[in-house]
Amino acid sequence: MTKLATNISLVEHLFMDIWFNIPKELSEVILQAAAEIPYFDKSFNPDIRTTDPRFGDFQANGVLSWGKNVGQNPRQVAQKLMETVEQLGILDPTLVGYEIAGPGFINFQLTTKFLLSWLKRYRKEDDLKTAAGDIYRGKRIVVDFSSPNSSKQMHVGHIRSIVIGEAICRLLTFCGAYVIRDNHIGDWGTQYGILMMAIKRFDYNLKAPHKNPLNDFETLYREGNALVEKDQKVGEKAREELVKLQNGDLDSLSLWKEINKISLQALQEIYDLLDIHFDETLGESYYRDQLNRVYQELIETGIAEESQGALVVFHREHSRYKTQPFIIRKSDGASLYSTTDLATILYRHEHFQADEINYVVDSRQSDHFEQLFLTVRKWFFAKGIPLPKLKHISFGTILGEDRKAIKTRSGEQIKLKDLLNEAVHRAFNIVCKKKNPDLTNEEYKDISHVVGIGAVRYADLMQNRTSDYVFSWDKLLSFEGNTAPYLLYAVARIYSIFRRAKLQPGSNENNASEFETETEIALAQKLIQFVTVLEQTVNDLRPHFLCTYLYELSGLFSAFYNADKVLISNQKIRSRRLLLCARTLTVLETGLHLLGLNTLAKM
RNA sequence: GCGGGAGUAGCUCAGUGGAUAGAGCAGCGGUUUUCUAAACCGUUGGUCGGGAGUUCGAAUCUCCCCUCCCGUACCA
């Protein structure tokens, strides 16, 4: 072993030891020094974060507040700290430089030697996969997303749950979690009462061939609902239909099955377009035999009570939910989504051993989830069941140009299928107009699909998920700004360089010299920040952090591409620039894949 | 009424209690015998809704007020 070690060159040794998670390591260094200084104690947090490039790569802000606490000049505290670091010899000045600035910031600047070593050491997607550390290592996480109502078509609003949900699944998997994608279809609720009433009343023949049955269902539902609102007797009839179904009436069940079959086929078309694959599609109906246990246990534990004929949960300790009930059984005896949601959590605990359940659902349902989570906490506590971590990953509404929830000109919902097809179609027109002459018709088709679908997904993910956002075709398909086409174009150009050089990305890097130009250094600095950004993205499950980073990275790559020609005769320079291209490609593709986008070698 | 979210450049949006608040679009001005110009570079543009407070330091935290959106007992 010793002999082997001595045979490893100094340089190789350095590559093996190069820090991966830099802010974490810098933090360690500072804490080590702080341990030697009397006026620091364990509560000291160096507070390392990325900084404005003109100050360096990372800054430590912790001494500012600490100096104040212990009655010392923060600048002198920083000074003392860094002197100690030097005495201990725990920061290699050939790798990391530092400077004390302003009132007591410690700015760290990675040397070009460090940057090159880092990029030589962490080359591929797998190397980056350890990035988010052990945050979710070994955890079993159910992600409940998409979860549309059956018997209705998906419209634009449904895309957020799908796209954000899928991105979150990929991020969690990347961080070591075992993810269960569960599509919790709404197939057991009140809408069935109305729909089935309408089918019978309007004599709609399910067995006969129909051009667009889901459209018919929607019309039937709409007209049925209008009747319900007008006529109490019709409303009663609809509620009866639901109760009959929920009580297992055979005719009702077979009608329900037929509706569901047709619905699921239509939903599948969308999932195919978006390349979404669920591990489970357990709708509300799946839990219908488990609802009695919910009623029973919640009554027996005194959590639920009768109110106005319904079975409800009040949370006395809560300012609002002490009077705003969580209804788990309607006065007519029917269950609702609160009931099935309760049963579902129990199932996910017992069957999947879920450590965590994430619900990717519209923020308008936050009251429901707050009440649901409060109820489960009490229920599981009373029964001695370990409580999984429950999270509502909420998101805002997609708005039209008029800043109201997006609709067609005539005021109808925009069908998701139409939107996706239009995206591909528009992408096709753009790609064709620009005409890359080397491409075949087949390639145009592929590119249109990847760009069109990717653009819609990216436009959604690049927004802070908790905010509403304004939908704009021009913006999401533009090659300028924070868009999928811009990022995909950057990827395609990198591939093009390697094609031109007749090389595989990642090869011919051995002669790489240290970075010299401003654009090279800026790009290298950005690349190493991937780790930090990924951590932030995963901590908050906010994909837009990653999007912003990828966009900035692409911008720096474009600047580099424009300023520094890669395929030149000087082998040392060429080699290091090829390395930058290959690593940018790795990070961009890793990031885009995490977001659920495909990438292209040509466009 | 209560609760949640939002209010940052003309428009669409970023912004971890830190340094001179940033992008993109739009506007103005440049760059192509050079690896995909679908690109790049420069420039104009701000009472961070208003007011008070906490802090060495506030777009960010606390309180009050204004405007808009959403939710608020048998839909999901």
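The values are calculated or read from the model by the stated rules, or taken from the named source; none is laboratory data. Owing to the predicted nature of the structure, the values given are computational and were not obtained by experimental measurement. No Cβ is skipped: glycine too gets one built from the backbone with ideal geometry, and neighbour counts run over all protein chains shown. With ligands, DNA and RNA removed, areas are computed over all heavy atoms of the protein, side chains included. Shrake-Rupley method; radii C 1.70, N 1.55, O 1.52, S 1.80 Å.
With runs of 4+ DSSP H residues as the only contributors, calculate the mean residue ellipticity of chain A at 222 nm using -39,500 (n - 2.57) per run, divided by the residue total and rounded to the nearest 500. Numbers along the way, then the final one.
Working: 23 runs with 322 residues, N = 603.
Calculated mean residue ellipticity at 222 nm is -17000 deg cm²/dmol.
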In the range A:345-446, which trypsin sites (Lys or Arg not before Pro) are in a loop and have at most 11 other Cβ atoms within 10 Å, using DSSP for the loop call? A:403, A:404, A:409, A:435
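Once the convex hull of the alpha carbons of the range A:416-595 is built, what does its volume come to per residue, in cubic angstrom? Walk me through the numbers on the way to the answer.
On the way: hull volume 22.5 nm³, N = 180.
Value for the range A:416-595: 125 Å³ per residue.
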Within straight cross-link reach of residue A:257, meaning Cα distance under 22 Å, which lysines are found once same-chain residues fewer than 8 apart are removed? A:152, A:200, A:207, A:211, A:237, A:244
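Sorted by mean Cβ packing within 10 Å, highest first, what order do the peptides A:104-114, A:462-472 take?
Working: A:104-114: 20.1, A:462-472: 16.6.
Sorting A:104-114, A:462-472 by mean packing, highest first, produces A:104-114, A:462-472.
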If you look at just the Cα atoms of the range A:9-110, how large are its Rg and its Dmax in Å? 13.6, 48
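Please give me, ordered by residue number, the trypsin sites (Lys or Arg not before Pro) of the range A:255-346 that lie in loop per DSSP and have at most 16 other Cβ atoms within 10 Å. Before the final figure, lay out the partial values.
Values: sites: A:257, A:261, A:288, A:293, A:316, A:320, A:322, A:329, A:330; in loops: A:316, A:320, A:322, A:330.
In loop regions of the range A:255-346 (DSSP not H, G, I, E or B), the sparsely surrounded trypsin sites (Lys or Arg not before Pro) are A:316, A:320, A:322.
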Per the rule of 0.36 nm per residue minus the C-alpha distance, extending residue A:433 to residue A:99 adds in nm 115.0 nm
Which FRET efficiency value, to the nearest 0.05, do you get for residue A:445 and residue A:47 by plugging their Cβ-Cβ distance into 1/(1 + (r/R0)^6) with R0 = 51 Å? 0.50
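Shape verdict for chain A, please, from the Cα gyration tensor: rounded (a/c under 1.5), prolate (a/b greater than b/c) or oblate. Walk me through the numbers on the way to the answer.
Working: a/c = 2.64, a/b = 1.56, b/c = 1.69.
It comes out oblate by the Cα gyration axes.
I'd like to compare A:45-55, A:349-359: which one has the highest average count of other Cβ atoms within 10 Å, and what's the full order after that?
On the way: A:45-55: 15.0, A:349-359: 18.2.
Put in order of decreasing packing, that is A:349-359, A:45-55.
What percentage of the solvent-accessible surface of chain A, computed with a 1.4 Å probe over protein heavy atoms, is contributed by carbon and sulfur atoms?
Working: 13810 of 28600 Å².
Of all accessible area on chain A, carbon and sulfur atoms account for 48 percent.
Using the membrane-span-like helix rule (whole DSSP H runs, Cα extent along the own axis of at least 24 Å, mean Kyte-Doolittle hydropathy at least -0.5), which helices of chain A qualify? Don't skip to the end; give the middle numbers.
Details: long enough: A:213-230 (25 Å, -0.73); A:250-274 (36 Å, 0.20); A:366-383 (25 Å, -0.20); A:416-434 (27 Å, -0.01); A:441-461 (29 Å, -0.20); A:484-501 (26 Å, 0.61); A:543-563 (30 Å, 0.54); A:571-595 (35 Å, 0.32).
Length and hydropathy pass: A:250-274, A:366-383, A:416-434, A:441-461, A:484-501, A:543-563, A:571-595.
Please report the antiparallel percentage of DSSP beta bridges with both residues in chain A, rounded to the nearest 5. Could you put the intermediate results ahead of the total?
Working: 21 of 41 bridges.
Bridges in chain A are about 50 percent antiparallel.
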Contact order normalised by residue count of chain A, Cα under 8 Å, 6+ apart, percent: 14 percent
